Structures are given as C-alpha cells and as structure tokens.
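Take a look at the structure below.
The values are calculated or read from the model by the stated rules, or taken from the named source; none is laboratory data. What you see is a predicted model, and the numbers here were worked out from it, not measured in a lab. Because the Cβ atoms are built from the backbone with ideal geometry, glycine has one as well, and the counts that use them run over all protein chains shown.
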C-alpha cells in the first residue's frame, strides 16, 4: 500500500469518528424533540381516550381519572421550562450540526479525489467543532429529557390500561351473550380452551361472571373448494359467577405459545378445572384482574364511576326461599344473582 493510501485510510478513520460525533449530536436533538412531542401528545390523547371508554360503558379501572389528572399537573409544572430549553438551547444547535455534516460530506469527497493535504487541514478544524457540538447537544438535550423522564413511565402505564379497556370493549361488542342488570365489562382476551373440542374463543370477565365463548367459522358458500362466504358462530361454553372460581394460575399449556392459565373452580360450583392457551403477558394480566375482581376493588371502582353504591359479596348472606321459606345452605358466590331452592326448586333472587 502506498504512502498516499495509508494517509487516505487514516483520514477516513478520523472522519468516521467526526461523523459519529455529529450523528450522536443529531440523535440527541431529535430525541429531545420527540420526547416533548410525545408527552404533549399524551396530554391531549389520554383524557379523550378515557372519555371515550367511559362513554361506551367501561367503568372499571377507576384510578385512571386520578392518574391522568396527576400526570397533567406534573407536566404543567415542568412544561414551560422544558419547552424554553428546547427552543432556545437545543433547536439552534440543529442548524450547526447540519452545516458540519455538509462539511464532512465535502471532506469525504475531497479525500476520495486524492486531495490529502486539503483534507488534513479541514479534518483538523472539523474534528474540534464536531466534538464540541456533540458535547453541547447531549448536555442541552439532557436538560430537556431529565425533567420529563419519570413522566414517560406514567404515560406507558396509563396507555397500557387504556389499550386494555379499548380491546375489552371491542371483544365485548362481538359477544353473543347479553350483560345482566348492573353487570359491567372488565376484561376480555382471545384464547383457546384446551378441553373438549379445544375451540378458539374469547375469555370474558365482568364484575359478576366469567364467560368463555367459543368461536367457529362456518362456510356459507364455496367456489372450486374455496370459501367465498362465511360467518362466525359463537357459543357460550362456560358461564360461572366470578366467585365460583377458586383460583387462576399461570402454567405451561398448549403446543405453540406454551403459556396459559388453569381456571380452578370451587367444589360446589360443579365445574371442572379448565385450561386456556393465552399469551404469557395476558396470563399475568388475567391473574391480576382476577384479584382485582375478587377483592371487591372492581365493584368499588364501578360504583364510583357510575355514582352508585358498591355491592357487597353475598357469601355470608342468609338466603331464604320465597316459596317454601327454607334456608339456602350452600355458598352464594360473588356475582351470583339467583340461586335454586334445594327443596322446592324455586329460583331465589339474591338481593
């Protein structure tokens, strides 16, 4: 390799370092811009999304109002200073970075054409400028990012809860069973039941019931063995009061995802343990929401949002037949609204 080639490779190496500094500076500026825009966008979209799900009847997760209000106040406390730093300190650096990047591209062209002496001179000046602006851009961007860093985790948590509620409302809108009086949707996920026909379907949790509805595609019309028209039939396979469930545990099930849940029922419910194939993250969410339902928090949230009185789980309630006046001796499950008299068969409404 000739001496000129050696010098050219050395310049290219040092030029790559310069371009790396300028790229880092540009990334820091863009990150600061995007972070401010992201938080501002969230401040606008989160309240409207909450209003939307409440308007469509979703009354669970009552903490969302408080969380969004707290987030909005925290943003208002820092917004003015953050925006001023972005406009006055960060944005002016962008044009300087662009100018230096143009110089770097010109320098690369000169080196490639063999103008080594000119390249050495330009490289020396450009290296100092690139290092300086990189340091300044990162420092000023931190002054924007650090005050709002904690807000991002809050935004993500609220966004995840809203997505969960939005998806739940979509799936409940597709359900083939009606909600009962004072019954509210809480959680829904698609999954597969691993007993019986092992059907795909949807798991539904309300403040009163757990329902699994199986889905089956039915071909209505075919042309040359290709289905051109079909419908989805939905059949309720499980319908139990939420209080009839003893526990929900995560475990290894299925043959694809290998994650799912075991739903175990109380002996008096006369329902058998059932496995469902769902995604790992969804299994964790179902278990979390089962606790949310059974500890009464869901009913309290729903009552607060709807402006009603929270119902109390009736497991210790004395129930008497309205026909033969015999006492009902079995457990009355949370969410159960009627029971059958053990003596005369009359349906007793739980008050």
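Some notes on this structure:
- Filtered residues of the stretch 206-233 (kept if farther than 20 Å from residue 298 by Cβ and modelled with pLDDT of 90 or more): 213, 214, 215
Okay, residues lined up against (1) modelled with pLDDT of 95 or more; (2) within 30 Å of residue 65 (Cβ to Cβ); (3) assigned by TED's automatic domain parsing to the domain that holds residue 75:
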{"residue": "9", "(1), (2), (3)": "no, no, yes"}
{"residue": "18", "(1), (2), (3)": "no, no, yes"}
{"residue": "29", "(1), (2), (3)": "yes, no, yes"}
{"residue": "38", "(1), (2), (3)": "no, yes, yes"}
{"residue": "44", "(1), (2), (3)": "no, yes, yes"}
{"residue": "47", "(1), (2), (3)": "yes, yes, yes"}
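- Condition check for residue 8: in contact (Cβ under 8 Å) with a residue 60 or more places away in the chain, over 35 Å from the mean Cα position of the chain (by Cα) and more than 30 Å from residue 145 (Cα to Cα): yes
- Output for the stretch 165-178, where each listed residue is surrounded by fewer than 16 Cβ atoms within 10 Å (Cβ to Cβ) and either within 17 Å of residue 236 (Cα to Cα) or without any contact (Cβ under 8 Å) to a residue 40 or more places away in the chain (or both): 167, 170, 173, 174, 176, 177, 178
- Among the residues listed as 157, 186, the single one being touching a residue at least 40 places away in the same chain (Cβ under 8 Å) and closer than 27 Å to residue 337 by Cβ: 186
- Some residue of the stretch 210-224 being in contact with a helix residue (DSSP H, G or I) (Cβ under 6 Å, 6 or more places away or on another chain) and in the same structural domain as residue 273 (by TED's automatic domain parsing): yes
- Lone unmet requirement of (1) surrounded by 16 or more Cβ atoms within 10 Å (Cβ to Cβ); (2) touching a strand residue (DSSP E or B) at 6+ places or on another chain (Cβ under 6 Å); (3) closer than 27 Å to residue 178 by Cβ for residue 283: (3)
- Yes/no for residue 137 being assigned to a helix (DSSP H, G or I), modelled with pLDDT of 90 or more and surrounded by 15 or more Cβ atoms within 10 Å (Cβ to Cβ): yes
- Scanning the stretch 33-56 turns up no residue that is surrounded by fewer than 16 Cβ atoms within 10 Å (Cβ to Cβ), touching a helix residue (DSSP H, G or I) at 6+ places or on another chain (Cβ under 9 Å), on the phi > 0 side of the Ramachandran plot and not in a helix (DSSP H, G or I).
- Enumeration of residues in the stretch 140-157 that are over 26 Å from residue 92 (Cα atoms) and buried (at least 20 other Cβ atoms within 10 Å of the Cβ): 155
- Filter result for residue 205 (surrounded by 14 or more Cβ atoms within 10 Å (Cβ to Cβ) and under 27 Å from residue 63 (Cα atoms)): yes
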